[in-house]
Amino acid sequence: MSFLPNILFAIILFLGIGFFVKNVKKLIRNIKLGQDIDRTDNSSARWKNMAMIALGQSKMVKRPVAGFLHILVYVGFVIINIEVLEIIIDGLFGTHRVFSVLGGVYNFLIGSFEILALLVVVAVVTFWIRRNIIKIQRFWKPEMKGWPKNDANYILYFEVVLMSLFLLMNAADFHLQHVAGGFGHYHEAGSFPVSQIIAPIFDGMDNSAVFMIERAAWWLHICGILVFLNYLYYSKHLHILLAFPNTYFANLNPYGQFDNLESVTNEVKMMMDPNADPFAAPADPDAVPAKFGASDVQDLNWVQLLNAYTCTECGRCTSSCPANLTGKKLSPRKIMMDTRDRLEEVGKNIDANGGKFVDDGKSLLNDYITPEELWACTTCNACVEECPVNISPLSIIVEMRRYLVMEQSAAPMELNNMMTNIENNGAPWPYSQMDRLNWKNE
């Protein structure tokens, strides 16, 4: 019966990873609901972007305090998870500290993990204080009420508990390793610079009780990691996984360079070509007219939907947005959060209707994002520049503005007047074309 814990562990591991894979498939399906766009060009620049921004955290450190603390958590998360591999092997095969055969290397690794675990706890507690006691303004914007606020705190609690369990497990292990005459399979292995400070709490305690504490911490630690893994799909912390593809597929064009609509570009070229014959290629009677701009998530491209899932709601975009700073309704962070919420709603609709989307009478425009927010944008690209993982709220705003202008003729009166003047006079002002440059003489 000694193999029962191994079977139980294998079942828990299978269920944990299986549920995660199921959600990843749903995530990929939702992202693919977007329009196709080619982002495979210039692969060397894309790999460099990913290495510098996602792996190297180069944009995070523009705000040094938050950047440094984030790097501690990030490095801790990545490196300490190497230890998870040992736990999985031990759990499946009934071994204990299977990598201890590495000797000095193992001692160094365990010692490094412990120091990082302590630093992660310090960083997370500091994050919590900044968010809940100091109340940094960008964490208390209107869009950060309810679930977004709670989600951020849940993640911090999660990380403190996981690191604490890791150190408690090691402390109990350290105690059992040094029991006179030995205890079970606990042989001397590893270096414990942090947990050996905790270990004296077990002095005088029955060794069987310490063994139970060590086992309980071990099980809770690995089960907590599996729960955390599956929680990611429902959390803004999905960026842990998506920051890498998001930076790789980010727009490499200079800021301010907007995409032209291909159908409009072709039509203008035909109008400008004196030799073009508009009847040379008759229109396909069955062709579906192209939709200009975006009113719902299916009209956005898949990179924009990937952006929405990658957003970590840090609020750097909103805190640098001139419209938001001057009291306008626009928050670039809310644009991304709304896009994700609507995308999730569409995904659930598809799940509930056997794999097919059934019109629910809603859309991203109006039901989530209002025209007032869209027209408040100055298109300055500050939000794009500030984003630590190269998300572009502006690209979504522009697409939805296109829809308002080209599909609904719903631009503000001032813009309509300006566009009419450009069309008629070649300038934004209501003067004749002969007088449009008179301003330079003043």
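Side notes on the structure shown:
- Kirkwood-type radius of the chain, with distances r between different C-alpha atoms, in Å: 25.7
- Global size of the stretch 143-211 as Cα Rg and Dmax, reported in angstrom: 17.2, 60
- Cα pair count fraction exceeding 23 Å, expressed as % - the stretch 215-335: 59
- Estimated D of the stretch 1-146 in µm² per second, where Rh is the Kirkwood radius over Cα pairs and Stokes-Einstein applies at 20 °C, 1.002 mPa s: 109
- Working note: Karplus 6.51/-1.76/1.60 with θ = phi - 60° gives the stretch 179-195 the couplings 5, 4, x, x, 9, x, 9, 7, 9, 5, 7, x, 10, 10, x, 9, 6 Hz, where Gly and Pro are set to x.
- Helix 4-31 axis, angle to the chain major axis (alpha carbon atoms, nearest 10°): 10
- If the chain linking Phe20 and Phe357 were pulled fully straight, counting 0.36 nm for each residue of separation and taking away their Cα-Cα distance, it would gain 119.0 nm.
- Averaging the Cα positions of each part gives two centres, and for the stretch 322-399 and the stretch 1-24 these lie 37 Å apart.
- Length available on full extension from Ile11 to Asp273: 0.36 nm per residue minus the Cα-Cα distance, which gives 87.5 nm.
- In a reduced charge model with +1 at each Lys and Arg Cβ and -1 at each Asp and Glu Cβ, the chain shows a dipole moment near 940 debye about its Cα centre.
- Simple spin-label estimate for Leu241 and Thr378 gives 3.8 nm between the two label positions (7 Å along the Cα-to-Cβ direction from each Cα).
- 3J(HN,Hα) along the stretch 61-70, derived from phi through the Karplus expression 6.51 cos²θ - 1.76 cosθ + 1.60 where θ = phi - 60°, amounts to 7, 5, 10, x, 5, 4, x, 5, 5, 5 Hz, with x in place of Gly and Pro.
- Radius of gyration and maximum dimension Dmax of the stretch 341-442, Cα, Å: 19.6, 67
- The alpha carbons of the stretch 213-261 stretch over 62, 16, 12 Å along the principal axes, in descending order.
- Looking at the chain, the accessible area is 53 square angstrom per residue; that uses a 1.4 Å probe and ignores ligands, DNA and RNA.
- From phi via Karplus (6.51, -1.76, 1.60), per-residue ³J(HN,Hα) for the stretch 298-312 in Hz, x at Gly/Pro: 5, 7, 7, 7, 5, 5, 5, 6, 4, 3, 4, 6, 7, 4, 9
- For the chain: relative contact order, % (alpha-carbon pairs under 8 angstrom, 6 or more apart): 19
- Orientation-averaged projection of the stretch 21-75 equals 5.8 nm² [convex hull of Cα atoms, one quarter of hull surface area].
- Positive-end residue of Asn153, Gly347, Asn230, charge dipole of the chain with Cβ unit charges: Asn153
- Only Lys, Arg (+1) and Asp, Glu (-1) charged, at Cβ; the stretch 39-114 dipole about Cα centre in debye: 600
- By accessible area with a 1.4 Å probe, ligands and nucleic acids excluded, highest first: order of His185, His96: His185, His96
- For the stretch 293-347, the equivalent ellipsoid derived from the alpha-carbon gyration tensor has semi-axes of 22, 12, 9 Å in decreasing order.
- Evaluated with a Cβ-only charge set (Lys, Arg +1; Asp, Glu -1), the stretch 360-423 carries a dipole of roughly 80 debye about its Cα centre, given to the nearest 20.
- Computed in the context of the full set of protein chains, the accessible area of the chain at 1.4 Å probe radius has 65% of its extent on carbon or sulfur.
- Top positive-direction residue, dipole computed over the stretch 50-134 with Cβ charges, set Val75, Val98, Ile88: Val75
- Additional length obtainable on full extension of the chain from Lys48 to Ser2, 0.36 nm per residue less Cα span: 11.5 nm
The values are calculated or read from the model by the stated rules, or taken from the named source; none is laboratory data. Values in this document were obtained by computation on a predicted structure and should not be read as measured data. Ideal geometry is used to build each Cβ from the backbone, glycine not excepted, and the neighbour counts take in all protein chains shown. All accessible areas refer to the heavy atoms of the entire protein, side chains included, with ligands and DNA or RNA removed. Shrake-Rupley method; radii C 1.70, N 1.55, O 1.52, S 1.80 Å.
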